[in-house]
Structure formats: C-alpha cells, structure tokens
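The block underneath contains the structure these notes are about, expressed in structure tokens.
What follows is calculated from the coordinates using simple rules that are stated; it is not laboratory data. Source: prediction; values computed, not measured. Virtual Cβ from ideal backbone geometry, glycine too; neighbours counted across all protein chains shown.
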Amino acid sequence: MDATPHGVGTQTGMVRGLHYDSVTIALHWASALLVALLFLIGKTIDYAPNGALRIDYRSLHMALGVTLLAVFTARVMWRFAHGGVLPPEGNVWLARAARLVHRILYLLIPITLLLGLANVWVRGDVVFNLFKVPAYDPGDKALRELIGGWHALAADAIVVVAGLHAAAGLFHHYVLRDGVLRRMLPRG
C-alpha cells in the first residue's frame, strides 16, 4: 500500500504522519461497509416473509457477497502491486497484534465468501427471480445445515475480529492519541 509522507519524525524516531493512498482507503472502507451489510442481512433474512421479498433479500445478500469478493480481490492485488503496509507507529507489541489481526481478517474473509458460495450451491437458490441455482443434492439436509453453519460461524468470526480491529483503531485515536487511525481516514 503506497504511503505518502505527511510529516516525518518524532522524539522516538518512529515515522509518523504517513497516510495510505486513496485507493487503499476506499477499498478498506468499502470492505468494512460490505461486511457490516452482509452480516446484518445474514442475521435478518429469516425474518423476511416467504416469497418475493425474501428472495430479493437473499439475492441482495448474494450480490453483496460477490461484490465483497471483487473488492477483496482488488484489495489484495492492490496491496501486492503497491507495496504492503505502512511502518508501525509506537509499541512493537501493538504492531505485531495489528499484523496478526489483519492476517486473520485476510484469512477469514475469503473462507467466509467461499463458504457462502458453497452454501448457495448446496442449498440451491433463486436469484432476484431471474434464474435458479440448482441444489447440489436437494435431499441432503445435513449437508445444507453443515455448510450453512460453517458460513455463519465464519461470518460471526469476521465481525468479532473486525470489531477488535475497530476498537483498536479507536484506542489508538482516543487513548494513545497517535496517528494510526488517521492513516486510514480519507483526506479532504
């Protein structure tokens, strides 16, 4: 991820004030928004009445999942093409924890998306009343429940880890008062 210098130097010699580039920032916040929407829809689908509304709601969930897959792919490609991450600010243990959380998210997101695709294939589904994805084995309820459960568990894990990630950003901003959160905020 390209960083543009916006002030360098501190009393500790750490590089401070660097920002991520606008593409990285946009992909980060698009990912966060999509994860939040997907989680909200996933947790409320069963409350939609049967029929066209539920079909459209499930279809929206699937469409947003495919969108997250595209955004995540673009994010990974951009990261590798434009060089990694910014140097850490502050405590080395906090930097290691941040790196671990990012790695977990970069592992959980594709796993959850692949389980979502598997869930659609195993269950079968109608997409916006335009076409039908045939079920892999329509009579295998146990397989549907297994894949659906794994997908839900992985989605829950993303939200927990992303919540820790967000809390850490707020901790950096309000308690440590360093520049970590500002690195990922859009510049005006």
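Here are some notes:
- The chain shape via C-alpha gyration tensor axes, a/c threshold 1.5: prolate
- Under 5 Å, built H, 5+ apart or other chain: amide partners of residue 19: 4, 6
- Under-5 Å amide H pairs with residue 133, H placed in peptide plane, nonlocal only: 125, 126, 127
- Short-range pairs are left out: with C-alpha atoms under 8 Å and at least six residues apart, the relative contact order of the stretch 3-184 is 24 percent.
- Entry note, the chain: the mean residue ellipticity at 222 nm calculated from DSSP H runs of n ≥ 4, each adding -39500 (n - 2.57), is -22000 deg cm²/dmol after division by the residues and rounding to the nearest 500.
- Nearest 10 degrees, 0 to 90: helix 22-44 Cα axis against the chain principal axis: 40
- Gain upon complete extension [residue 81, residue 29; 0.36 nm per residue less C-alpha separation]: 16.8 nm
- Dipole magnitude for the stretch 3-184: about 340 debye, using +1 per Lys or Arg Cβ and -1 per Asp or Glu Cβ, origin at the Cα centre.
- Gaussian network model of the chain, springs between alpha carbon atoms under 10 Å - residue of 37, 100, 69 with greatest fluctuation: 100
- Taking the longest Cα principal axis of the chain as reference, the axis of helix 52-81 is set at about 40 degrees.
- Among 133, 66, 120, the largest mean-square fluctuation in a Gaussian network model of the chain, built with springs joining Cα atoms closer than 10 Å, belongs to 133.
- Segment residue 121-residue 97, length gained on full extension (0.36 nm per residue, minus Cα span): 5.0 nm
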